[in-house]
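For reference, the structure is listed below as C-alpha cells.
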Amino acid sequence: AEPVALVFAVRQVREEQPLAGLPELVVEGLRNGDARAVLGSAIRWPLDEHVRDRIIEETRGNPLALLELPRRLTPTEMAGGFGLPDAKALSSRIEDSFQRRVRELPTETQRLLLVAAAEPVGEAALVRRAACRLGIGVEAAHAAESERLVEFGARVTFHHPLVRSAVYRAASPQDRREAHRALAETTDPQLDPDRRAWHLAQATVGPDEEVASELERSAGRAQSRGGLAAAAAFLERSAVLTHDRARRAVRAVAAAAAHAQAGGFDAALRLLETAEVGPLEELQSARADLLRAQIAYSQSRPSDAPALMLKAAKQLEPQDARLARETYLEALAAAQFAGHHARGAGIREVAQAASAAPAPPAPPRTPDLLLDGLVTRFTQGYAAGVPVLQRAVDAFCSESFSDKEELRWLRLAGNVALDLWQFETWEALSTRLVERARDSGALAGLPSALNVRIAVHVLAGELSRAALLIEEVEAITQATGSQLAPYGRMLLAAWQGRTAEASERIDAVLEEEAPEGKGLRLTAARWATSVFYNAVGRYDDALEAAEQASEYLEGLGVSAWGLVELIEAAVRGGERQRAADALERLSQATLPSGTEWGLGIEARSRALLSDDEAAERLYREAIERLGRTHVRVDLARAHLLYGEWLRRERRRLDAREQLRTAYEMFSAIGAEGFAERAARELLATGGTARKRVIGTGTQLTAQEAQVARLAHDGLSNAEIGARLFISPHTAQHHLRKVFTKLDISSRTQLGGALPSDASAVI
C-alpha cells in the first residue's frame, strides 16, 4: 500500500538496456575549474602545475578520485611528479581489472603504455621520442586508444589514474628501468636537467655517484617547482644511490631535514637511522641530533626537545660556532615552549649554557641579537633584555632574509615582539611567516604559524577571518599526521563566548595538554579559559584559570596576558590584594616596553584598583592609548570597564555612552559573551541595547567571505585562486555572489560593506 520509488545507477547507458527511455540524470565529471578547487581542498602544499593538470585530466573530474588520491599518498609521493605512480592504490580490485585489460594488449602496446606511465607529466613528444629509441612504433598506440585506456594527443592522458598505476605496477623492474632510461636519454639536459636526473635515478640499479650528485644538485631547483617535498624526494634517492658510506650518511641527513620540513616525519626519522649507521663526523652527528630535536618539537613532543637541542649545541661549539649559537637559540625557543615539563633542561639551564657560548663576530647577525637578548631576559630579568630584543625585532622587520632563515626564526621573533607588547610588529612578522611556509611547502611549521595568525586576528577583533584559517590548519595537520591540539577553535570559541562550545573546546585542549605540564600551550589554554569566564561574569572561575596562566613566567607575552585577566577577576571577586600583587608583576613587563598597547593595558588594569579622579584619568588614558593600536578587543574592554565604573559612580548618562560603544564593538566583532555583559550593564543604566540583525540575504559562506577579504586586500582573481587552490574563474564567480549579497558593484566598496563579525559567515 506504500508508494515505492526505484533509482537505478549504471556506469554507461546503452540503447539496448531495458531502462532506456526512463527519465535520467547523466552525472558527468566536474569542470576543470571546479576539479582544481576540489583537488586544492585536499592538497595544501605546493605541487608542480604540470602534475596538477595531469591529475585533473586523468581523474576526469571524478570528485572521489580527486579527494582520495592526496589522502592515500604522502606529499613526497605526489611531489612534483617525482613520486612513482606505484605508491598506493585507491582500489586494488579496480586496478586489477585494468591490469587484466592491459595484459590482453599487444606486447609493443604494453611497452608504450609503460613509457607513458613512467613520464610524470604526460609530455607526448617526450614519450614518442623515448618509444622510438626503444623501437616502438606509433601504431602501438591504436590498440590502447581503442580500448579507452589512454589518449595520445598534445598530452598523454590515461582514462583513470589507476590505469597508469596498474601499468607501472604490472611491469617488471627491468622493464621499468628500461623505460626510465629511454626517457632520460631523450630528455634535454639543458632544458630539463632535473627530470632527466630523476629518470636516470630510476634507471639505475646500484650505487652511482654521478647520478647521485646530479640529483643532489637538482634538489634546489625541484624545490622551487614542487616545494620541499620534491626536494626531499630528490635527496632521498641521491642518498640511496651513494656508494661511499660517509657521503651517504651526509646526504641522508640532508634528505631527512627536507622531509621534516615538508611534514614527512616518519620518512625523516627513517633516514636519520640510515645516517647514524654512518660513519658520521662530529658535525654531522650534531646536525642529526638537532634534527631529531626539531622533529620532536614539531610533533608536539616539546618536553624532549630542549635537552636534545642543548646537547647538539654543545657538540657544535668546537665544530661550527655560528650553528652552535643558532642551536642554542632553538633550544631556548623549545624550552620556553615546553615549560616546566621539559626533561633534562629548562629555560634557565639553557639560557645559562648559552651565555657561555662563543661570542658572535662583529657586527652580530640578527639571530645573534635575538639569542643575546633572550639570554639576558631569562638570566637578568625582563627590563634588562628589552634593549637588545628591541634591536633584534627591528632588524627582522627591516632586513632581508632567505626563506630558510625566515622559516627558522620568524615565529620566535614574533613571540619576542609579542613579549615587547608590539602588536603591529607581531602582526607583520606572523604574516610573513605564513607566506613563507605556504610558498615553500613547509607543512611542518605551517599549522603553528596559522595558529599564530588566528590569535592575531582574534585580538584585532577579526573573528570571522580567524575562523577561515581554522579549516586550513585542520587539513594540514591531518595530511602530516601532526598531533597539534585545536588551539584555533578553542581561542575563537573562548572569545565568542558561546558557553557550550567554549567549554567543550577548552576542555578538549586542557585534557590533551595537561599531562605535558605547564608549557606555553597549556598557559595559552588557561588564559583563554580566563577570558571566557571573565566575559560571562564567572569571576571565581576566571581567577583560578588566570592564576594558572600567569604562574609560568617564561611564557613570552602570554603569561602577562594571564595577569591582565587575573587583575580583573580578582577585583570583581573582592580579592584586591591579589589584584594588586598581579598589577605589580604586570607593570614590570608593560612599563619597560613603552608601547601604546603595553601602557594602555597597564593603565586599564591600574584603573580597576584606583578610585575617583585617578581611576577616570587612567580609563581615559587606556582608551586613548589602545585606540592608537590594532587591538580592538582590548579597546572594547577598556570602554566596557570604564562604563561599568561610571555606572557604579552613578553617572548613568556617561556610563551609557561607554557601555553602548563597548556593546556595539563587541557585537561587530562577534564576541557574544562580552557583548551580553555590556548589554546587561547598559540596561542597568536605563539604556537599550539594540540587537544587531543580519539578513539572510547578506550572509556569506566561508568561501565567499575568504574571497571577499582577499579581494579587499588587493589580490587579483589569479592570486586569490592560487592562495585558496581554486581557479580564477571560480574566484570571480564567488566575488559576483558577494557583490549581489552585499548590494555593491565593485571591489572598492568591499571595505565598507563586509561584515566583520563571525555571525555574518555561515
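The values are calculated or read from the model by the stated rules, or taken from the named source; none is laboratory data. All figures in this text were calculated on a predicted structure; none of them were measured in a lab. Note that each Cβ is placed from the backbone with ideal geometry, even for glycine, and that neighbours are counted across all protein chains shown. Side chains are part of the model used for accessible areas, which takes the heavy atoms of the whole protein and leaves out ligands, DNA and RNA. Shrake-Rupley method; radii C 1.70, N 1.55, O 1.52, S 1.80 Å.
Name the residues in segment 667-680 that are in contact with an Asp or Glu (Cβ under 8 Å, 6 or more places away or on another chain) and either more than 20 Å from Ser503 (Cβ to Cβ) or in a helix (DSSP H, G or I) (or both), would you?
Taking segment 667-680 first, the residues in contact with an Asp or Glu (Cβ under 8 Å, 6 or more places away or on another chain) are 667-670.
Within segment 667-680, Ser667, Ala668, Ile669 qualify.
Looking at Arg391, Arg377, Arg408 in this structure, which one is open to solvent by 50 Å² or more (accessible area, probe 1.4 Å), under 25 Å from Ala524 (Cα atoms) and in a helix (DSSP H, G or I)? Break it down into steps so the answer makes sense when it comes.
On the way: Arg391 fails: under 25 Å from Ala524 (Cα atoms); Arg377 fails: open to solvent by 50 Å² or more (accessible area, probe 1.4 Å).
Exactly one residue qualifies, and that residue is Arg408.
Do you know which residues across segment 279-295 are under 21 Å from Leu310 (Cβ atoms) and surrounded by fewer than 18 Cβ atoms within 10 Å (Cβ to Cβ)? If you could, list the steps in order and put the result at the bottom.
Step one: filter segment 279-295 for residues under 21 Å from Leu310 (Cβ atoms), giving 280-295.
If the condition is that a residue be under 21 Å from Leu310 (Cβ atoms) and surrounded by fewer than 18 Cβ atoms within 10 Å (Cβ to Cβ), then Glu281, Glu282, Leu283 are the ones that fit.
Looking at Thr187 and the list (1) open to solvent by 50 Å² or more (accessible area, probe 1.4 Å); (2) in contact with a helix residue (DSSP H, G or I) (Cβ under 7 Å, 6 or more places away or on another chain); (3) modelled with pLDDT of 85 or more, which single condition is not satisfied?
All conditions pass for Thr187, except number (1).
Is there a residue in segment 514-532 that is surrounded by fewer than 23 Cβ atoms within 10 Å (Cβ to Cβ), modelled with pLDDT under 90 and β-branched (Val, Ile, Thr)?
no
Please list, ordered by first then second residue, the pairs with beta carbon atoms under 9 Å, 6 or more apart or interchain, first in segment 388-407 and within 15 Å of Pro364 (Cβ to Cβ), second among the acidic types (Asp, Glu).
Val388/Asp372; Leu389/Asp372; Leu389/Asp419; Ala392/Asp368; Ala392/Asp372; Phe396/Glu406
Among the residues of segment 175-220, count how many are hydroxyl-bearing (Ser, Thr, Tyr) and over 23 Å from Asp244 (Cβ atoms). Please lay out each step first, then the result.
To start, the set of residues in segment 175-220 that are hydroxyl-bearing (Ser, Thr, Tyr) comprises 186-187, 204, 213, 218.
Then drop every residue that is not over 23 Å from Asp244 (Cβ atoms), which leaves 186-187.
Final tally of qualifying residues: 2.
Specify which of the listed residues (Ala589, Ala614) is out of contact with any helix residue (DSSP H, G or I) (no Cβ under 7 Å at 6 or more places or on another chain) and open to solvent by 10 Å² or more (accessible area, probe 1.4 Å). Please lay out each step first, then the result.
Working: Ala589 fails: out of contact with any helix residue (DSSP H, G or I) (no Cβ under 7 Å at 6 or more places or on another chain).
Being out of contact with any helix residue (DSSP H, G or I) (no Cβ under 7 Å at 6 or more places or on another chain) and open to solvent by 10 Å² or more (accessible area, probe 1.4 Å) holds for just one of Ala589, Ala614, which is Ala614.
Mind checking which pairs have a first residue in segment 635-651 that is under 22 Å from Phe423 (Cα atoms) and a second that is open to solvent by less than 10 Å² (accessible area, probe 1.4 Å) and β-branched (Val, Ile, Thr), Cβ under 8 Å, 6 or more apart or different chains?
Qualifying pairs under 8 Å: Ala636/Ile669.
Any idea which of (1) of a type outside the set (Ser, Thr, Tyr); (2) assigned to a helix (DSSP H, G or I); (3) open to solvent by 10 Å² or more (accessible area, probe 1.4 Å); (4) in contact with a His (Cβ under 6 Å, 6 or more places away or on another chain) is the one Pro207 doesn't satisfy?
Of everything listed in (1) of a type outside the set (Ser, Thr, Tyr); (2) assigned to a helix (DSSP H, G or I); (3) open to solvent by 10 Å² or more (accessible area, probe 1.4 Å); (4) in contact with a His (Cβ under 6 Å, 6 or more places away or on another chain), Pro207 misses just condition (2).
If I ask for residues that are β-branched (Val, Ile, Thr) and in contact with a Leu (Cβ under 9 Å, 6 or more places away or on another chain), which ones from segment 249-299 would you list?
Residues satisfying the conditions are Val250, Val253, Ile295.
Show the residue pairs meeting these rules: Cβ distance below 7 Å; 6+ apart or different chains; first residue within segment 446-474 and in contact (Cβ under 8 Å) with a residue 24 or more places away in the chain and more than 19 Å from Arg436 (Cα to Cα); second residue of a type in the set (D, E, K, R) and open to solvent by 10 Å² or more (accessible area, probe 1.4 Å).
Ala460/Arg632; Gly461/Arg632; Arg465/Arg709
Which of the residues that make up segment 689-724 are over 29 Å from Ala675 (Cβ atoms), at pLDDT below 80 and open to solvent by 40 Å² or more (accessible area, probe 1.4 Å)? Spell out the reasoning first.
Step one: filter segment 689-724 for residues over 29 Å from Ala675 (Cβ atoms), giving 714-724.
If we keep only those that are at pLDDT below 80 as well, we get 718-724.
Ala718, Glu719, Ala722, Arg723, listed by residue number.
If I go through segment 365-374 residue by residue, how many of them are closer than 11 Å to Ala354 by Cβ and open to solvent by 10 Å² or more (accessible area, probe 1.4 Å)?
1
Given the criterion within 19 Å of Gln284 (Cα to Cα) and surrounded by fewer than 24 Cβ atoms within 10 Å (Cβ to Cβ), identify the matching residue among Arg247, Arg217. Show your work before the answer.
Details: Arg217 fails: within 19 Å of Gln284 (Cα to Cα).
Sole residue among the options that is within 19 Å of Gln284 (Cα to Cα) and surrounded by fewer than 24 Cβ atoms within 10 Å (Cβ to Cβ): Arg247.
How many residues does segment 137-157 hold that are farther than 14 Å from Val102 by Cα and open to solvent by 10 Å² or more (accessible area, probe 1.4 Å)? Please lay out each step first, then the result.
Just the residues of segment 137-157 that are farther than 14 Å from Val102 by Cα, to begin with: 137-139, 151-157.
Adding the requirement that they be open to solvent by 10 Å² or more (accessible area, probe 1.4 Å) leaves 137-139, 151-155, 157.
Total meeting the criteria: 9.
Answer yes or no: is there a residue in segment 255-278 that is open to solvent by 40 Å² or more (accessible area, probe 1.4 Å) and closer than 21 Å to Ala437 by Cβ. First the steps, then the outcome.
Taking segment 255-278 as the starting set, the residues that turn out to be open to solvent by 40 Å² or more (accessible area, probe 1.4 Å) are 261, 266, 269-270, 273-274, 276-277.
Subsequent filtering for residues that are closer than 21 Å to Ala437 by Cβ retains 261, 266.
Within segment 255-278, one or more residues are open to solvent by 40 Å² or more (accessible area, probe 1.4 Å) and closer than 21 Å to Ala437 by Cβ.
Listed residues Arg164, Arg181, Arg195; which is open to solvent by 50 Å² or more (accessible area, probe 1.4 Å) and not aliphatic (A, V, I, L, M)? Reasoning before the result, please.
On the way: Arg164 fails: open to solvent by 50 Å² or more (accessible area, probe 1.4 Å); Arg195 fails: open to solvent by 50 Å² or more (accessible area, probe 1.4 Å).
Matching residue, one of Arg164, Arg181, Arg195: Arg181.
Residue check, Glu236 against (1) in a helix (DSSP H, G or I); (2) of a type in the set (Asp, Glu); (3) surrounded by fewer than 24 Cβ atoms within 10 Å (Cβ to Cβ); (4) touching a helix residue (DSSP H, G or I) at 6+ places or on another chain (Cβ under 7 Å), all met but one. Which one?
(3)
Condition first: over 18 Å from Ala333 (Cβ atoms), of a type in the set (Gly, Ala, Ser) and more than 21 Å from the chain's Cα centre (by Cα). Now tell me which residues in segment 392-423 satisfy that.
Listed by number, the residues that qualify are Ser398, Ser400.
Ala212 is checked against (1) closer than 30 Å to Leu272 by Cβ; (2) open to solvent by 40 Å² or more (accessible area, probe 1.4 Å) and fails just one. What number does that condition carry?
Of (1) closer than 30 Å to Leu272 by Cβ; (2) open to solvent by 40 Å² or more (accessible area, probe 1.4 Å), only one is false for Ala212: (2).
Considering only residues that are of a type in the set (Asp, Glu), over 12 Å from Leu420 (Cα atoms) and in contact (Cβ under 8 Å) with a residue 12 or more places away in the chain, which ones fall in segment 561-598? Full working, then the answer.
Of all residues in segment 561-598, those of a type in the set (Asp, Glu) come to 565, 568, 575, 581, 584, 596.
With the extra rule that they be over 12 Å from Leu420 (Cα atoms), the set shrinks to 565, 568, 575, 581, 584.
Passing the criteria: Glu565, Glu568, Glu575.
Considering only segment 467-487, how many residues are at pLDDT 75 or above, under 21 Å from Gly441 (Cα atoms) and among the aliphatic types (A, V, I, L, M)?
Qualifying residue count, segment 467-487: 4.
Residues that are surrounded by fewer than 24 Cβ atoms within 10 Å (Cβ to Cβ) and closer than 27 Å to Leu371 by Cβ: does segment 413-420 have at least one? Steps first, please.
Initially, segment 413-420 is screened for residues surrounded by fewer than 24 Cβ atoms within 10 Å (Cβ to Cβ), giving 415.
Of the ones still in play, those that are also closer than 27 Å to Leu371 by Cβ are 415.
Yes, because at least one residue in segment 413-420 is surrounded by fewer than 24 Cβ atoms within 10 Å (Cβ to Cβ) and closer than 27 Å to Leu371 by Cβ.
Return the total of residues in segment 609-647 being under 17 Å from Trp561 (Cα atoms) and assigned to a loop (DSSP other than H, G, I, E, B).
3
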